[in-house]
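What follows is a single structure, written as structure tokens, with notes after it.
Every number in this text was worked out from the coordinates using simple rules, so none of it is lab data. These figures come from a predicted structure and were not determined experimentally. All Cβ positions, even for glycine, are placed from backbone atoms using ideal geometry, and neighbour counts span all protein chains on display.
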Amino acid sequence: MRIASPTHSQALRPDFESAHFRQALSRFATGVTVVTTLAGHAQKGDTQTSSFVGVTVSSFNSLSLSPPLVLWSMGTKSGNLPLFQAGTHYVINVLAADQLALCQRFAYDKGDRFADTDFTLGQAGLPILSGALAWFECHNRSRHEEGDHVIFVGEVERCGFSQDSQSLVYQAGQFGTTQALA
Ligand SMILES: Cc1cc2nc3c(=O)[nH]c(=O)nc-3n(C[C@H](O)[C@H](O)[C@H](O)COP(=O)(O)O)c2cc1C
């Protein structure tokens, strides 16, 4: 075991493999979201399904009530990263327990992910997925590159939620849903 001086100013080198780190992180249960924005060739007001991009994201979290801020992160290798960095807005859709198919479509499908997806357009002209448990229409307030991800801070302009659906939950590589403890 290494003894660190309590005053050391830089982090020690990790004493674990990357896979071990991933497994430890995966024990933290999260909800699942799909974040949507405008495709590169599209303009606000376009309505064709190919005008939009969307990505499954579990790194969403609340940040501030006043002003209303949320955060999420995207890997620097994601093909859609430049679109989310450049866009003025995005919508974060929190998936309900019966939306596992959407989670998989927006994580793995290579084609038009909106072609067989029901959605409406929000104030910023971006997709709000039908049946989402909650949605947050965000101004793309700031971006912070850290390690192999970019942290996005969104300022929420509008939001909505469903009163009675359950959440899709992701933990240790498996999907489930919420159940209240008795
Ligand atoms: C449950 C789940 C959660 C995910 N969470 C994130 C995330 O928080 N950030 C991220 O960049 N990718 C995340 N991914 C992976 C992206 O969804 C996937 O790499 C992306 O859709 C690939 O599209 P792109 O490379 O075309 O952007 C997640 C995937 C799954 C299945």
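Points to keep in mind about this one:
- The simple spin-label model puts a point 7 Å past each Cα toward its Cβ; for residue 100 and residue 18 those points are separated by 2.9 nm.
- The stretch between residue 11 and residue 171, if pulled fully straight at 0.36 nm per residue, gains 54.8 nm over its current Cα-Cα span.
- Neighbour-count order for 170, 90, 108, fewest beta carbons within 10 angstrom listed first: 108, 170, 90
- Each Cα pair under 8 Å and six or more residues apart adds its separation to the average, and for the chain the resulting relative contact order is 25 percent.
- Per-residue Cβ neighbour counts within 10 Å put 84, 28 in the sequence 28, 84, beginning with the fewest.
- Proximal charge balance of residue 137 [Cβ under 12 Å; K/R count +1, D/E count -1]: -1
- Once the chain from residue 26 to residue 146 is taken as fully extended at 0.36 nm per residue, the excess over their C-alpha distance is 41.3 nm.
- Each label point was placed 7 Å from the Cα along the Cα-to-Cβ direction; for residue 49 and residue 180 their separation is 3.8 nm.
- Here segment 78-157 and segment 6-65 have alpha carbon centers that stand 11 Å from each other.
- Magnitude of the charge dipole, segment 32-164, Cβ model with Lys/Arg +1 and Asp/Glu -1, debye to 20: 220 debye
- Segment 32-164 - Kirkwood radius from inverse mean 1/r over Cα pairs (Å): 14.7 Å
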